[in-house]
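Take a look at the structure below.
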Amino acid sequence: MDLPFSESFKIKMVENIHRSSRPERETWIKEARYNLFNLRSNQVYIDLLTDSGTGAMSDKQWSEMMLGDESYAGASSYYKMKEAIKEITGFDYFLPTHQGRAAENVLFSAMIKEGDIIPGNTHFDTTKGHIEFRRAHAIDCTIDEAFNTTLDYPFKGNIDVDKLEKVLKSHPKEMIPLIIVTITCNSSGGQPVSMANMKAVRELANKYEIKVFYDSARFAENAYFIKTKEEGYAGKSIREIVREMFSYADGMTMSSKKDAIVNMGGFIGFREKELFEKASMFNILFEGFISYGGMSGRDMNALAQGLYEGTDFNYLETRIRQVAYLGQKLKDYGVPVQYPFGGHAIYVDAKRFLPHFPVEEYVAQTLAVELYLEGGIRGVEIGTLLADRDPETGKNRYPELELVRLTIPRRVYTNNHMDYVFAALANVYDRRHEIKKGFKIVKEAPILRHFTVELERVKN
Ligand SMILES: *Cc1c(COP(=O)(O)O)cnc(C)c1O
């Protein structure tokens, strides 16, 4: 008999979670105004809201916490982190920050001015927020294939080099401080960027003398996809692939809450001293001195260790196969999910799940609430609520895709939990024809409303 695939870790510490009853969940979700962000975590059985900062640290990371050096300047923890970043990414200079968006804030303060153009593949929402906050413009140059959830294309995170060249050609280089490549592309579903595409972007950037930075939250998952899907990389190690990826960039921003498997932390990596020095001033202003920048020594230690573990092939295989395990079960059952599966989440296509449902009643949110009622599972709406209103007309913006994201935390749940999630969603799918009514908004914030929105059921 062939031995089956199994996890590359065993469990040393457990955290109990509680299954609730449907009547309990009905009360709780109503009290939460049908907004899953308003639920208390103990009202959730399986929490798939995000994979950001929700991973389980290893025994080695916890022991590194005890060795943290809390000196204000020149701490050994700073040097440990510097060494790990140099070894894994190849970047000589770095600045620690408290999380990914802080890295964006510091870097963009040094690079972006009003009116600038920042092309890339679909910019993550905080990245776009930090660009637009500076009255600059994020231009999405993702390939068209990314927007078809059923098309089987291995690198849906790729940049369309023709679209990119058009942007580079039509503006003076002084207006384009950098190109941002997001690996994997979170906003298009954790979809990877191929090495060939990174190389092509580098060549174009050289031609037009523009810098390239990677938004790198899930760089290791991206490397795993290159190894398993791109020709010529099967025999290379994850670390070799990561080094080659970053060799095509001038620097990186990192949310370490993702692939560095820590609960909080981030950094910026730089190739050039000059830009590092310019950004250092903003780091000191916003984050803290350059040798800790918003992180304690123990957290820098855990992060350094997490970078090594996050780029280990066996870890990545366990993680990405778990995501695909859930995705494949749903797909086989006929539940419409984005395909191919991304690195960190399964995206359920709510419009195809509930085709006759009125989108004005928030179809993806309705599905997310149904899944919570069915099994105490918390996913997140990526649809009209997230898209906010048009600032000019005040009308809802209806995005092309209405998705429910089921995000899998790193090293937290077992495949039995995935079976449970599958069964709950399959039950909802079986009774999809009974789901006819959604929600209306009773209270909302002017921007980023999905965090705090309050809803009420539409009456028959
Ligand atoms: C999470 C994330 C960020 C922001 O990082 P935070 O640590 O949440 O501030 C930026 N870009 C991408 C691609 C991300 O996934």
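Take the conditions (1) under 27 Å from LEU403 (Cβ atoms); (2) more than 16 Å from the ligand (Cβ to nearest atom); (3) not in a helix (DSSP H, G or I); ILE179 misses just one of them, which is (2).
Quick check, is GLU381 under 23 Å from THR27 (Cα atoms) and either among the small types (Gly, Ala, Ser) or surrounded by fewer than 22 Cβ atoms within 10 Å (Cβ to Cβ) (or both)? Answer is no for this residue. Of the residues that sit in segment 144-201 and are under 19 Å from the mean Cα position of the chain (by Cα) and among the hydroxyl-bearing types (Ser, Thr, Tyr), which one is nearest to THR50 (Cα to Cα)? The residue in question is SER187.
Within segment 166-215, if we keep just the residues that are hydroxyl-bearing (Ser, Thr, Tyr) and touching a residue at least 40 places away in the same chain (Cβ under 8 Å), the residue that is surrounded by the fewest Cβ atoms within 10 Å (Cβ to Cβ) turns out to be TYR208. Which condition from (1) over 30 Å from TYR372 (Cα atoms); (2) under 23 Å from the mean Cα position of the chain (by Cα); (3) at pLDDT 95 or above; (4) buried (at least 18 other Cβ atoms within 10 Å of the Cβ) is the one that ILE131 breaks? (3) is the only condition that ILE131 fails. Return yes or no: is MET300 under 21 Å from SER71 (Cα atoms), away from the ligand (no atom under 12 Å from the Cβ) and crowded, with 23+ Cβ neighbours inside 10 Å? Here the answer is yes, as MET300 does meet what is asked. The single condition from (1) in contact with a helix residue (DSSP H, G or I) (Cβ under 6 Å, 6 or more places away or on another chain); (2) surrounded by 20 or more Cβ atoms within 10 Å (Cβ to Cβ) that ILE139 fails is (2).
A residue that is within 16 Å of the ligand (Cβ to nearest atom), under 17 Å from ALA146 (Cα atoms) and not hydroxyl-bearing (Ser, Thr, Tyr) can be found somewhere in segment 222-229. If you take the residues of segment 39-57 that are of a type in the set (A, V, I, L, M, F, W, C) and more than 11 Å from ARG378 (Cα to Cα), which of them is farthest from the chain's Cα centre (by Cα)? This residue is MET57. Of everything in segment 15-61 that is of a type in the set (Asp, Glu) and more than 16 Å from the ligand (Cβ to nearest atom), the residue that is surrounded by the most Cβ atoms within 10 Å (Cβ to Cβ) is ASP47. The condition of being under 26 Å from the mean Cα position of the chain (by Cα) and basic (Lys, Arg) holds for only one of ARG457, ARG431, ARG411, that being ARG411. Restrict the check to segment 368-390 and report whether at least one residue is closer than 22 Å to ASN222 by Cβ, touching a Phe, Trp or Tyr at 6+ places or on another chain (Cβ under 8 Å), basic (Lys, Arg) and touching a residue at least 12 places away in the same chain (Cβ under 8 Å). Checked against the condition, which is being closer than 22 Å to ASN222 by Cβ, touching a Phe, Trp or Tyr at 6+ places or on another chain (Cβ under 8 Å), basic (Lys, Arg) and touching a residue at least 12 places away in the same chain (Cβ under 8 Å), segment 368-390 yields no hits at all. Of the residues GLU64, GLU83, the single one that is among the acidic types (Asp, Glu), more than 16 Å from the ligand (Cβ to nearest atom), surrounded by fewer than 20 Cβ atoms within 10 Å (Cβ to Cβ) and more than 19 Å from the chain's Cα centre (by Cα) is GLU83. If I go through segment 253-277 residue by residue, how many of them are in contact (Cβ under 8 Å) with a residue 24 or more places away in the chain, closer than 11 Å to LEU95 by Cβ and away from the ligand (no atom under 16 Å from the Cβ)? Residues meeting the conditions: 3.
The values are calculated or read from the model by the stated rules, or taken from the named source; none is laboratory data. Source: prediction; values computed, not measured. Here the Cβ is made from the backbone with ideal geometry for all residues, glycine too, and neighbour counts use every protein chain on show.
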